[in-house]
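Working notes for the structure below.
Values quoted throughout were computed directly from the atomic coordinates according to the rules given, and no laboratory measurement underlies them. Note that the structure is predicted; figures quoted are calculated from it, not measured. All Cβ positions, glycine included, derive from the backbone under ideal geometry; neighbour counts span all protein chains shown.
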Amino acid sequence: MSDSDIAGIDPSVPPSGNGCAECEAAGAWWMHLRRCTQCGHVGCCDTSPSQHATAHWKATGHPIVQSFEPGEEWFWNYGTEEVFLGPPLASPTHHPTDQPVPGPAGRVPRDWRSHLH
């Protein structure tokens, strides 16, 4: 079996956008981003106030995400709680490098550290 045959990973699916889909819709902010490897949904990490990547897994059953941060290539399986390396995914593989962390610019409160999990 090749990396591209791993259940829950479709290397051809592009990401849903440059930021957390739900945070963008709500005008909210995030700490780090995770990309669903099955449908491309970009959600915020469990450190973020809203934890949308985990919520996406629970709502859809899509268990695998890849970091959507520049320079990070690791995958995470929510079902097995394992980190691993997987196949290259469709571009872009991370949010824009000029997008701050936390982000996006202009929506992060001054006391953002007190909102992290």
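Can you find even one residue in the stretch 30-41 that is closer than 20 Å to G106 by Cα and free of Cβ contacts under 8 Å to residues at least 24 places away in the same chain?
no
What's the total number of residues in the stretch 52-111 that are in contact (Cβ under 8 Å) with a residue 60 or more places away in the chain, in contact with a His (Cβ under 8 Å, 6 or more places away or on another chain) and exposed (fewer than 13 other Cβ atoms within 10 Å of the Cβ)?
1
From T47, T93, T80, which residue is in a loop (DSSP other than H, G, I, E, B) and more than 13 Å from the chain's Cα centre (by Cα)?
Criteria check complete, one pass: T80.
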